[in-house]
Amino acid sequence: MIQRISLREVVNTVGLAVYMMLAPLGLRKDQAYAIRAKLGVAVDKVSSLSRYKSVTFYVGKKVMIRWVGVRLLILKRKGSPAAGNEMREVTEPRLVVMPVVSEVPADGRVKRSAVTLVSMGYEVLIVAPQTWSREKFRLPSDVPNWGPGISFKLVPNGPDLFAFPDTYYQPLADALMETPAWAYHCHDTHPIAATLIAAAKHNAYCVVDLHELRSENVTYNEVLGEWQPHTAEVRKEYERVERLAVNYADRVITVSNGCAEVFHKKYGKRHIDIIRNIPASYENPGVPELDLRKYTDASSDELVLLYQGGLGRLRLLEYVIEALKFVPKCKFVIRGFGASSEIGKEYLVCAKEHGVEDQVYLMEGTPVDRVVTEMQSADLGICTLSDIAASFRLSLSNKVFEYMAAGLPMIVADYPDMGSFVREHDIGLCFSPRDPRSIASAIRTLLDDREALNRMKKNTTVACRENDSISEWKKLSSIYHEFADMDRRSQVAQ
């Protein structure tokens, strides 16, 4: 499963690891302590890990990430299913382990991936730290019920899970090492290093699904109390881990052409599968429980604008709220988990400052299976996101496809992938995300031109046919069919 590598790559990787282990010896004590403060607790030990068939040196987390490459090279010599290792044993039922660190109950992409694999006859085990509360997502137990064939293994949620550099979380790594699987399907960047090691250890296939450009994202500045683009140090740390995925995973997946192009520029032209975040058919089960037009008491000449998704300052909803003062006949529904918390109060304060408090409505989020259904009673959807990082500007948000599946025309931030998709299918308009007048203009255009609004609403049906979920998620099925074919050829060879 780990790709074949040249002697030069071995020398370069080992040399880098050795250099990083020796470099701290030349630091002044104050410099060493500064590094310790940034990395958290530095680990100075040599562990003889006979179960991994190798010896690994840990000198802080940054060194560990570089050393991962060396471990993979050592473990690769045990054999590779993708290389046709004749000693590989295939057991049934085939288990696919999915490491995740997101709030799993709200992560539609994780569920869509898991359901797709279960439909192919695989069993899926989702391994994750419990970063969510059952109260927030109104769950009867600690984990969601995603149906037969999908189970969960929770690991402790420690304080260092997202402490920089958050690219190797030991409890998650330990859980993966002790869970043999036929394949490991890593979601997003944080579990990459641990997943690759586990896949090498257990001679398993490895898929890495990069949900976003983590190396081109943002970090919260505690001093300033705001999100800022990654510093060079943080960006490089994520790049090292993304490069590991590109170099060693059997298949790499991402969500948009823009993201794939950045990965190609950074790490070379290996094949990257693009699977867009299109809702599955089971996510539109019927009639919405709440009519948003009735809920907002909207008159026939008013529009109900809906934002449904994650909340926070990176969503730029304060600009949408300000835009409402230019469009008095627009009711704005903000629906997302946490709407009744502090962030929701901030939105209400913003609405009062601009004199539009009677136009803004806050609602808690809805289960992932009900998202599309509960959108249907709105008139218009909105998708906006901060422009301070390439990861946001190059995204093709799942909200675009969810609004589309719900039959909603939409207005979206004018970013490359989102903007071109909406224009190509004529399902909405674009706006400048930090310009309230631009947002208001897009809303007013569709408020005044109901013929255009209805045309775009009809076009969502056509766009759904041209971008259907079955065809999109078949791309994932085909990857696993290829793995199964490799196993069959290996068995025949034996």
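The values are calculated or read from the model by the stated rules, or taken from the named source; none is laboratory data. Everything quoted here is computed from the prediction, not taken from an experiment. Cβ coordinates were reconstructed from backbone atoms using ideal geometry, including for glycine residues, and neighbour counts include every protein chain displayed.
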- line: Checked the range 262-277 for anything touching a residue at least 40 places away in the same chain (Cβ under 8 Å) and either crowded, with 22+ Cβ neighbours inside 10 Å or assigned to a helix (DSSP H, G or I) (or both); matches are Val262, Phe263, Lys266
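Between Ala378, Ala351, Ala390, Ala339, which is within 30 Å of Pro229 (Cα to Cα) and at pLDDT 95 or above? Explain how you work it out, then say what you get.
Working: Ala378 fails: within 30 Å of Pro229 (Cα to Cα); Ala390 fails: at pLDDT 95 or above; Ala339 fails: at pLDDT 95 or above.
Selected residue: Ala351, the only one of Ala378, Ala351, Ala390, Ala339 that is within 30 Å of Pro229 (Cα to Cα) and at pLDDT 95 or above.
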field: Hits in the range 334-345 - residues which are touching a residue at least 12 places away in the same chain (Cβ under 8 Å), surrounded by fewer than 21 Cβ atoms within 10 Å (Cβ to Cβ) and either over 22 Å from Asn217 (Cβ atoms) or in contact with a strand residue (DSSP E or B) (Cβ under 8 Å, 6 or more places away or on another chain) (or both)
entry: Ala339, Ser340, Gly344
message: Which residue is farthest from Val97 (Cα to Cα), if the candidates are limited to the range 185-235 and must be of a type in the set (Lys, Arg) and in contact (Cβ under 8 Å) with a residue 24 or more places away in the chain?
response: Arg214
Hits in the range 255-304 (condition: within 21 Å of Arg235 (Cβ to Cβ), of a type in the set (Val, Ile, Thr) and in contact with a helix residue (DSSP H, G or I) (Cβ under 7 Å, 6 or more places away or on another chain)): Val262, Ile272
message: If I ask for residues that are among the hydrophobic types (A, V, I, L, M, F, W, C), farther than 22 Å from Asp387 by Cα and crowded, with 19+ Cβ neighbours inside 10 Å, which ones from the range 312-331 would you list?
response: Val327, Cys330
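Among the residues of the range 442-459 satisfying the criterion of being touching a residue at least 12 places away in the same chain (Cβ under 8 Å) and farther than 18 Å from Met404 by Cα, which is surrounded by the fewest Cβ atoms within 10 Å (Cβ to Cβ)? Talk me through it step by step, then tell me what you get.
Kept after step one, since they are touching a residue at least 12 places away in the same chain (Cβ under 8 Å), are these residues of the range 442-459: 442-447, 453, 455-457, 459.
Filter again for farther than 18 Å from Met404 by Cα, leaving 444-445, 447.
Details: Arg444: 17, Thr445: 14, Leu447: 19.
Checked the range 442-459; the qualifying residue surrounded by the fewest Cβ atoms within 10 Å (Cβ to Cβ) is Thr445.
Restricting attention to the range 306-328, which residues are outside any helix (DSSP H, G or I), within 30 Å of Asp188 (Cβ to Cβ) and not hydroxyl-bearing (Ser, Thr, Tyr)?
Leu306, Gln308, Gly309, Gly310, Leu311, Gly312, Leu316
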message: Condition first: under 17 Å from Arg335 (Cβ atoms), part of a loop (DSSP other than H, G, I, E, B) and in contact with a Phe, Trp or Tyr (Cβ under 8 Å, 6 or more places away or on another chain). Now tell me which residues in the range 278-297 satisfy that.
response: Pro279, Thr296
task: Return only the number of the condition from (1) over 28 Å from Asn145 (Cα atoms); (2) in contact (Cβ under 8 Å) with a residue 24 or more places away in the chain; (3) touching an Asp or Glu at 6+ places or on another chain (Cβ under 7 Å) that Cys430 does not satisfy.
output: (2)
- request: State which residue pairs qualify: first residue of a type in the set (Val, Ile, Thr) and inside the range 376-388, second residue buried (at least 24 other Cβ atoms within 10 Å of the Cβ) in any location, beta carbons under 6 Å apart, and separation of 6 or more residues or different chains.
  value: Ile382/Leu305; Ile382/Ile411; Thr384/Ala413
- prompt: Are any residues in the range 259-288 more than 19 Å from Met404 (Cα to Cα) and acidic (Asp, Glu), and if so, which ones?
  reply: Glu261, Asp273
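Sort out which residues of the range 353-369 are of a type outside the set (Phe, Trp, Tyr) and closer than 13 Å to Gly336 by Cβ, and write them in order of number.
Leu362, Met363, Glu364, Gly365, Thr366, Pro367, Val368
Across the range 329-364, what is the total count of residues that are part of a loop (DSSP other than H, G, I, E, B) and not hydrophobic (A, V, I, L, M, F, W, C)? I'd like the intermediate steps shown before the answer.
So in the range 329-364, the residues part of a loop (DSSP other than H, G, I, E, B) come out as 329, 336-341, 354-356, 364.
From what is left, the residues that are not hydrophobic (A, V, I, L, M, F, W, C) are 329, 336, 338, 340-341, 354-355, 364.
Adding up the residues that qualify gives 8.
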query: So, of the residues in the range 132-154 that are modelled with pLDDT under 90 and among the basic types (Lys, Arg), which turns out to be surrounded by the fewest Cβ atoms within 10 Å (Cβ to Cβ)?
result: Arg138
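Scan the range 270-284 and tell me whether some residue there is farther than 23 Å from Lys475 by Cβ and of a type in the set (Phe, Trp, Tyr). Please lay out each step first, then the result.
Kept after step one, since they are farther than 23 Å from Lys475 by Cβ, are these residues of the range 270-284: none.
No, the range 270-284 contains no residue that is farther than 23 Å from Lys475 by Cβ and of a type in the set (Phe, Trp, Tyr).
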query: Which numbered condition trips up Ala442, out of (1) in a helix (DSSP H, G or I); (2) over 23 Å from Leu324 (Cβ atoms)?
result: (2)
field: Subset of the range 253-268 (residues that are closer than 12 Å to Arg243 by Cα and charged (D, E, K, R))
entry: Lys265, Lys266
field: Criterion violated by Ala378 - all others in (1) more than 21 Å from the chain's Cα centre (by Cα); (2) in a loop (DSSP other than H, G, I, E, B); (3) surrounded by fewer than 18 Cβ atoms within 10 Å (Cβ to Cβ) satisfied
entry: (3)
